[in-house]
1. Output the peptides 439-448, 123-132, 607-616, 362-371 sorted from most to least packed, where packing is the average of other Cβ atoms within 10 Å over each peptide's residues.
2. Collect residues whose amide H, placed 1.01 Å from N in the peptide plane, falls under 5 Å from the amide H of D10; neighbours closer than 5 in sequence don't count.
3. Let me check I have the definition right: for the chain, take the eigenvalues of the Cα gyration tensor, multiply each by 5, take square roots. What are those semi-axes in whole Å, largest first?
4. Cα extents of region 5-260 along the three principal axes, largest first, in whole Å?
5. How big is region 479-614 along each principal axis, measuring the range of its Cα positions in Å and listing the largest first?
6. Over the residues of region 491-566, compute the C-alpha Rg and express it relative to 2.2 N^0.38 Å.
7. Determine ³J(HN,Hα), in whole Hz, for all residues of region 287-292 in sequence, where each value follows from phi through the Karplus function 6.51 cos²θ - 1.76 cosθ + 1.60 and θ = phi - 60°; x replaces Gly and Pro.
8. Using the Karplus curve 6.51 cos²θ - 1.76 cosθ + 1.60 with θ = phi - 60°, work out ³J(HN,Hα) for each residue of region 31-41 in order, rounded to whole Hz, and write x for Gly and Pro.
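Nothing in this text is a laboratory measurement; each read-out follows from the coordinates by a stated rule. Just so we're clear, the structure is a prediction, and the values are computed from it rather than from any experiment. Cβ placement follows ideal geometry from the backbone for every residue including glycine, while neighbour counts extend to all protein chains displayed.
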Amino acid sequence: MSNPVTWTRDNGVLVVTIDNPPVNALSPGVLEGIVEGVEAGAADEEVRAIVVIGAGKTFIAGADIREFPKIIAGERPMLSLNPLLDRIENAPKPVVMALHGSALGGGLEVAMAGHYRVAAPSTQLGQPEVKLGLIPGAGGTQRLPRLVGVERALRMCVFGNPIAAREASELGLVDALIDGDLPTGAMAYARTLQAPRRTRDLTLQSAEEHVIEKIRDEARRRMRGHAAPLSALEVVCAADIFDFDEGLAFEARIFQSLLTGPQAKALIHLFFSERETAKLPFVPKGTKTREVRRAAILGAGTMGRAIALCFANAGLPVQLSDSSPAALEAAMAWIRRHYENAEQQGRLPAEEAARRLARIQAAASVKEFADAGLIVEAVSENLELKRAVFAELDAVAPEGCLLASNTSTLDIDALAAATNRPPDVLGLHFFAPANVMRLLEVVRGADTSPEVIATAMELARRLRKIAVVAGNRFGFIGNRMFAPYREAAIQCVQEGALPWVVDQALEQFGMAMGPLAVGDLAGLDIGHAIRREAGLPPTVEDALVEAGRLGQKNGRGWYLWQGNRRSSDPGVEKVVRAWSEERGIAHRTFAARDIVDRCVEALRAEGRKVIEEGIALRASDIDIVYVNGYGYPAWRGGPMFEG
Ligand code: 3HC
Ligand code: NAI
């Protein structure tokens with residue numbers, strides 16, 4: 001490999017350039033190279049200041065995550081970047097870090113070891129380590145609070161979300177924004193500097209106890225079960241108690257214990273799995289994708305209207321239509337309210353909310369879809385209806401337009417057969433609420449072309465969704481696996497575990513919601529109808545439906561419901577007991593562990609079949625589906641992850 005770090009002198013400034021594609025991660029040798037460059041500048045009498053900059057599309061996206069599994073396996077020594085960063089910070093001449101693209105994790109830590117920071121306005125700066133089950137491990141927890149105060153540093157290190165350069169400059173993390181050419185601007189800035197300014201010497205602004213408590217509570221709520229955010233909180237707070245070097249030592253200890261623990265292993269697995277989903281053996285390298293400039297949606301119900309938001313939020317104009325003018329009107333009113341609320345609650349600036357709203361146009365009929373690059377069908381779940389709709393869309397859609405169905409259960413090939421263009425037909429299975437859930441199953445029919453799949457994957461990226469390709473079989477990946485998982489939970493009830501005990505066991509395991517409560521939200525009559533139609537043996541859930549318990553919608557299902565609050569119901573116990581007695585099934589007691597083992601094993605067993613049948617391309621795709629669409633705890637790595 002050619003040297004990833006090089007330097008040149010330009011009129012009194014030494015420019016050190018990092019070139020380690022794709023994201024200038026700190027692979028072995030990179031930070032050493034930067035230090036060498038900085039020290040060469042320090043030793044050169046003609047150099048007054050040093051600029052460190054990234055080649056390509058970014059500054060530094062962090063430590064090299066590919067190294068972590070090797071460190072965990074003991075094949076590489078533990079990361080030890082601090083002595084190198086100290087050498088940058090101790091340089092006797094001003095060091096300016098010139099940022100663009102991403103300055104994340106170790107990248108931001110390198111930037112903060114420099115004396116000054118300038119940035120292109122589009123730069124993202126952050127400490128995202130908690131998303132990998134880690135905390136910053138190269139001084140981030142100690143330098144960041146000295147630059148932006150404890151409260152902001154806590155927010156960045158505990159939740160892991162990046163901030164934009166403009167905000168960073170308001171906070172003092174960035175000293176100057178450079179609008180034009182970054183190297184030129186950075187050098188000009190460097191020439192104005194007189195002396196170094198070490199971050200470690202700055203005085204930090206403390207946070208009040210109640211502020212810290214609020215962040216702690218928020219972390220417990222938003223990142224339930226994750227160990228790293230609470231550790232990050234303790235270590236950032238330590239910056240206000242310990243001196244700098246003690247703080248670094250504390251950070252190093254916690255970083256190491258997290259890196260070798262189970263959660264980091266699971267979350268690093270998910271990081272790579274997420275990127276793996278886009279690698280498709282049936283899409284030849286270099287496959288061209290189609291340009292989608294406008295989208296259209298038919299069916300403006302629960303799903304259609306929320307899918308419209310996804311496009312508008314991503315900057316794509318979208319038309320929305322429905323056979324019922326009243327439904328369309330209701331959907332447009334709902335969309336307007338959505339953006340009004342976002343604006344009122346401070347989630348979107350007024351101009352941005354207005355721009356997004358303006359991208360969604362009501363269309364009286366599909367005839368107005370003649371410019372669409374993609375049409376998503378989201379009409380009611382009925383095969384004959386959808387076939388008729390696909391024939392209708394085929395007649396109006398322009399050549400090259402992708403025709404997608406949001407169906408949860410129907411055969412994509414049967415829909416494709418209703419058109420004269422089966423290669424352009426696919427499933428795009430969004431999850432409710434579509435504007436919130438990140439998962440998108442891209443369903444590949446027998447004739448769907450690789451180009452169409454590649455276009456859908458690219459589009460998903462624009463929509464900020466995580467797309468997973470699924471084969472065209474009932475339930476695709478996610479719902480197919482959910483059925484036996486729920487059945488296992490129901491069986492536990494039939495054998496004597498109370499429904500709330502079952503749900504609680506799985507929620508303590510980390511599931512966002514127990515499967516019986518999920519059933520109540522969806523409506524128990526749905527599963528009842530499917531089981532009856534498929535001639536499956538009845539379960540105690542059918543007895544609940546027959547007793548008029550349909551779930552949240554009529555206030556009684558597995559639980560009693562008051563709005564979104566659920567409570568246990570002795571009436572359910574009676575139904576269950578009678579059901580089991582009638583069939584001679586003896587009730588026994590269950591330990592939480594038994595319930596979890598049984599339900600999760602059912603999920604895994606079906607997952608293995610899904611892979612064998614080629615419905616999922618790989619086990620890690622299933623992990624991505626379950627973590628992003630079904631509330632499986634990310635810190636466990638997904639149902640197929642072995643640890
Ligand atoms: N290390 C190694 N590889 C990385 C990497 C990293 N830090 N960041 C990204 N990559 C790789 C990806 O795996 C991918 O490889 P592939 O093409 O072979 O699949 C490639 O770079 C491109 O990545 P994306 O597809 O994600 O590209 P995007 O342009 O969509 O996003 C990004 C770029 C915002 C930088 C995103 O990749 C990202 O968020 N990366 C991770 C950032 C991060 O978590 N940094 C902290 C690392 S931990 C750390 O620094 C510890 C320190 O405190 C000591
Ligand atoms: P919905 O009942 O809320 O909306 C369906 C809409 O389609 C209604 O507004 C109806 O007027 C309209 N419609 C019916 N026939 C039409 C026609 N011929 N032309 C134009 N519009 C027509 O249904 P929902 O929940 O939005 O579901 C839509 C699709 O999304 C279904 O295929 C469903 O299986 C799927 N889906 C639903 C999820 C959910 O959680 N609700 C999740 C994922 C997929």
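1. Working: 439-448: 22.6, 123-132: 25.8, 607-616: 17.7, 362-371: 15.3.
Packing proxy ranking, top to bottom: 123-132, 439-448, 607-616, 362-371.
2. V15
3. Values: eigenvalues 466, 196, 102 Å².
With the √(5λ) rule applied to the chain, the semi-axes are 48, 31, 23 Å.
4. Reported extents, whole Å, longest axis first: 53, 41, 32.
5. That gives 41, 35, 34 Å along the principal axes, largest extent first.
6. Values: Rg = 12.2 Å, N = 76, 2.2 N^0.38 = 11.4 Å.
Scaled against compact globular proteins, the figure is 1.07.
7. For region 287-292, the Karplus-derived couplings read 4, 6, 9, 8, 8, 10 Hz, x marking Gly and Pro.
8. The phi angles translate into 5, 4, x, 4, 4, 4, x, 4, 6, 5, x Hz.
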